Every structure is written in structure tokens, then in C-alpha cells.
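What follows is a set of notes on a single structure, which appears directly below.
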Amino acid sequence: MTNTLTREFITEALADSVLEPRIRALYELCFMHRHHFHDQLVADKLRMLVRVCADRGITMAGFSPESVAHRLGRAGVDRWFGGLATAEQLDVALLLEVHKRMMEVFDDVGVAEARSLASKYLHFHFPELYYVHDSRVEAAALALGQGECGFLALADHDSAYGRFYACARKLAERMRPLVGRRLSPRELDRVLRAWQIGQEAMATGLPRQVAFAGTHA
């Protein structure tokens with residue numbers, strides 16, 4: 001498999017679009033309870049999110065949903081979310097600044113884990129704005145971008161997520177002619193994850209079909 005994507009590959013990666021009950025429940029919970037008024041509701045969201053991370057091999061050792069929920073309620077998160085929700089057009093600087101601030105709230109885990117957790121927390125609250133980040137989809141985005149992703153030179157953001165975000169946006173635009181529309185962040189995640197799993201399978205001599213296993217989380 002080369003560093004290209006075909007219409008057939010993208011279609012196959014997106015073919016099974018049924019969300020797992022756990023994922024659907026988390027989207028619904030974040031949609032219905034975007035605010036951070038009640039620590040218990042926020043802790044419920046975080047517990048579900050930690051399980052999603054675990055499904056993707058990301059462990060959150062020492063992470064306390066109850067403690068972090070309390071911290072989120074007092075960190076001004078609802079003001080940040082309000083800015084995202086009321087922006088008349090996509091403000092990349094604001095989007096990346098909020099991601100960095102969320103990473104700082106999640107500073108009781110490692111930087112890589114905080115980066116991934118912040119992207120997922122924001123994605124489930126704003127599914128059309130935030131691309132989900134982890135090492136697997138980042139590797140796919142950078143490989144498929146072939147060094148052409150560029151870099152968002154903004155001061156107040158996490159450089160690794162900024163680079164990944166720029167790459168993901170350009171890849172979504174590059175795929176538009178292949179599928180006739182711009183892929184959503186969740187759809188792009190499925191395509192990138194399937195591609196990277198396929199690359200890993202090929203490297204170990206396994207059949208290409210394994211690329212489409214485990215892409216539903």
C-alpha cells in the first residue's frame with residue numbers, strides 16, 4: 001500500500017457506519033449536557049471517555065474522573081465552549097487554544113495522554129470541529145500528507161496537535177473529490193485508522209483485511 005488513498009479504500013473504511021452503543025451514548029451525553037454545572041455528570045462523561053481511550057490502547061494511569069470533573073467545573077470551560085459555539089466562522093486559533101487549555105486541565109496524566117484525551121473530550125462535544133488525536137491516526141496523517149501538511153504557526157497551542165490538525169484538514173480537502181463531499185472528523189478518523197492498521201498489518205505479513213477491524217471506537 002502506497003501513501004495514497006483510493007475511492008474504494010475510503011468507501012470500504014466508511015462502509016459500516018453504525019456506532020457502538022458506548023460511543024453513541026457518549027455523543028448523546030455530551031450533546032445533552034455540554035455544560036459543567038454538575039460534577040457527577042461531568043465525571044460520567046469522563047469515565048465513558050476513559051473507557052473509549054482504553055479501547056484504543058491509551059491508558060490513563062492515576063486519572064480520577066471525579067477530581068478532574070470538579071476541576072473542569074472551575075476552570076472556565078463553559079466560557080471556552082461558549083466561544084466555540086457562538087463563533088460565526090471557524091476560528092482555528094480559538095479552537096487550538098481551547099485544546100491546549102483542556103490539556104492543562106488534564107495535566108495529571110502524561111503529555112501524550114493529555115493531548116489525546118483533550119482532543120476526544122472536545123470532539124464528543126463538538127463533533128464537527130475537532131479531529132481525534134492519538135499516535136495511530138497521527139502517524140497515518142503525517143505519512144499520507146507526505147510532508148505537505150504545513151504547520152500552524154500560532155503561539156498559544158500544542159504544536160503536535162496543531163501540526164496534526166493542519167494535516168487532517170488538508171487530507172479531508174484532498175479526499176473531497178474522491179467521495180463527493182468533505183469527510184467529517186469522525187469519518188476521517190475511521191479512514192486514517194484503517195489505513196494505519198493496514199500498514200501495520202502489511203509490515204507483519206498479515207492480510208490487508210485486518211485494516212477494517214477495530215476501527216469503530
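The values are calculated or read from the model by the stated rules, or taken from the named source; none is laboratory data. Only a predicted model underlies this, so the values are computations on that prediction, with no experimental measurement involved. For neighbour counting, all protein chains shown are included, and Cβ atoms are generated from backbone atoms with ideal geometry for every residue, glycine included.
A few points about this structure:
- Inside the stretch 40-67, residues that are on the phi < 0 side of the Ramachandran plot, within 17 Å of the chain's Cα centre (by Cα), surrounded by fewer than 16 Cβ atoms within 10 Å (Cβ to Cβ) and not basic (Lys, Arg) make up a count of 3.
- Leading residue by the ranking (surrounded by the most Cβ atoms within 10 Å (Cβ to Cβ)) among those in the stretch 170-189 that are among the basic types (Lys, Arg) and within 13 Å of residue 5 (Cα to Cα): 174
- Pairs, first outside any loop (DSSP other than H, G, I, E, B) and surrounded by 18 or more Cβ atoms within 10 Å (Cβ to Cβ) in the stretch 191-217, second of a type in the set (Val, Ile, Thr) and modelled with pLDDT under 55, C-beta under 6 Å, six or more apart: 193/215; 194/215
- Residue count, the stretch 7-39 (criterion: at pLDDT 90 or above, over 19 Å from residue 81 (Cα atoms) and loosely packed, with under 12 Cβ neighbours inside 10 Å): 2
- Residue 90 meets all of the listed conditions (1) outside any helix (DSSP H, G or I); (2) within 15 Å of the chain's Cα centre (by Cα); (3) not aromatic (Phe, Trp, Tyr) but one, namely (2).
- Scope the stretch 96-144; condition assigned to a helix (DSSP H, G or I) and of a type in the set (Asp, Glu); matching residues: 97, 104, 113, 138
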